[in-house]
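Read through the structure below, which is laid out as structure tokens, and then see the notes.
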Amino acid sequence: MIAAARKLAFEVLRLVEGGGYAADLLHHRGAALESRDAGLAAEIVLGVLRRQNQLDFLIEHYLGRPATRLDPEVRILLRMGLYQLRHLDRVPAHAVVHDSVEQVKHAGKRSAAGLVNAVLRKVDRAPVAFPDRAIELAIPGWLLERWERHYGRETAEGMAQAALTTPETYVRVPAGKEPAQVRLAPTEVPGCFRLLEGNAAGLRIQDISSQAVVPLLDLRRGQTLLDVCAAPGNKTAQALEAGVRAVACDLRWRRLAAMKSLGCPLVAADGALGLPFSARFDRILVDAPCSGTGTLARNPEIKWRLEASDLVDLHARQVRLLRNALQRLAPGGRLVYSTCSLEPEENESVVVEVLGGTGIPACTMEKYWRRLPGREPGDGFFGAVLHSAGFCERRDDSLASELLARMESAFGLSVDPKAWSAHGRRRSPAATASGGPLGTPSPCARRPRDAAGSAAGDPRRLASPLPAEAFVARLTA
Ligand SMILES: C[S@@+](CC[C@H](N)C(=O)[O-])C[C@H]1O[C@@H](n2cnc3c(N)ncnc32)[C@H](O)[C@@H]1O
């Protein structure tokens, strides 16, 4: 008989190969199993996905030929067997080999039973010399390379290693609602607790970094809040604790419908096309759809699916979402743009592109905020806090220059300001008259800098190219 946990793990890994999401599949299909079996299935599935390229290297190491030449069922069962034998302590080796051989037969690959048996019997825990850092850290080479360029070798290694660990569980506990059935440890984020022991059923499970976003909004009782990408509602629920009047918006009605118990208005809308509100809001949260590279420990399949070119589409959608959201920000209001991505194209460059564009209300960048896996507890997250003053005191060219310098060193990219204006940006008469390369200056740039002078007299106004499009140009090249 094959253990229920291994049966489920194989089923889920097959579905993930077909495009499914491991966490969702384990949640739904694991509900029918005893919690111990469901736990082991999750450990196998997530462990295999976290170390996929490393396990494929080990298959080749023990088998003598590449894993890619094997049937998918055989490859998955070898990955599962190898992972259990090398990384799990509480599973007997003979049970792993027995079940793997039986599973390959059940999968209709009887002819591979001997091969699976022979490979798994060779597996031990002796250290193996991996051929490169990407396989040693179980991450695609291109992703490691870009993290190293952006964050440095040591930090990138910490981020990759964090993606190989089982994440801690954090729960949201609003003041005065302390649950009795669990043992919790407080964290630096108010209302966020680390689960030490007990069953979290009935509690809102939400990563600590996700819980750290809402405080950036600096919410006050009675303020209006528009949550543009709200579902499944973790941050809306957290914001409601502050006594705000929230409107929750999302592209997907079914995901929104699950938020009915929060008791706030729910609006299905494509925020990238426009937002169906005439009102302006005191606070806006754009928790944008993103690649999720900050959540690889939780969603390890992302790292094998994502391609650099995906960041171009994501960037374009994020720019539209942020631009449309800013239209609805009240003067004096605050907007937080956040993602659980570690990629600058989805973070700083979205903000820089939107703030440098035309037709948005004047606003300033108050700060960037970031949590990196391995450096701070929890997932990786990015946040930008934007402030609408009704007018913009200063366009933050130092920010643009800093980002440009980082991109230049990361990509070996050099941006020619002349090429910039040829990159599809409209030239306004004002910009042309000033001889500037950037095209239409943003409303921010048109505002006087101080009572004595005007932005028109400031050479920095048009002199520094906006780096966001340079990223995109580079990625589409
Ligand atoms: C990162 S999730 C939001 C998580 C949520 N803020 C929370 O804390 O529970 C991104 C959400 O954006 C939604 N979304 C994607 N594209 C959108 C669009 N064009 N307009 C509005 N929402 C969109 C997705 O359906 C998804 O629910």
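Where a number appears in this text, it was derived from the coordinates with a stated rule and is not lab data. Just so it is clear, the model here is predicted, and its values are computed rather than measured. We place every Cβ from the backbone using ideal geometry, glycine too, and count neighbours over all the protein chains shown.
Note on Arg183/Thr358: beta-carbon distance plugged into 1/(1 + (r/R0)^6) with R0 of 60 Å gives a FRET efficiency of 0.65. On a per residue basis, the convex hull of the C-alpha atoms belonging to region 14-127 measures out at 107 Å³. Going from the fewest other Cβ atoms within 10 Å to the most, the residues His94, His315, His61 appear in the order His94, His61, His315. Which pairs, out of Lys122/Lys303; Lys177/Lys235; Lys260/Lys367; Lys109/Lys303, put more than 24 Å between their alpha-carbon atoms? Table pairs above 24 Å Cα-Cα are Lys122/Lys303; Lys260/Lys367; Lys109/Lys303. Looking at region 1-98, the GluC sites (Glu not before Pro) that sit in a DSSP loop and have at most 12 other Cβ atoms within 10 Å of their own Cβ are Glu34. With 0.36 nm allotted per residue and the present C-alpha distance subtracted, the His28-His387 stretch has 125.1 nm of extension available.
Taking 7 Å steps out from each Cα toward its Cβ at Glu17 and Asp71 produces label points 1.0 nm apart. Residues Tyr83, Tyr62, Tyr337 in ascending order of nearby Cβ atoms (within 10 Å, fewest first): Tyr62, Tyr83, Tyr337.
Using the Cβ-Cβ distance between Arg245 and Trp142 with R0 set to 51 Å, the FRET efficiency works out to roughly 0.70. Separation of region 196-261 and region 99-154 by C-alpha centroid, Å? Computed from Cα coordinates, the inter-centre distance equals 38 Å. Straightening the chain between Arg305 and Arg254 buys 15.9 nm, computed as 0.36 nm per residue apart minus the Cα-Cα spacing.
Sorting 128-134, 20-26, 350-356 by their mean Cβ neighbour count within 10 Å, with the most densely packed peptide first, gives 350-356, 20-26, 128-134. Between Ala126 and Ala279, the simple label model (points 7 Å from Cα in the Cβ direction) yields a spacing of 6.9 nm.
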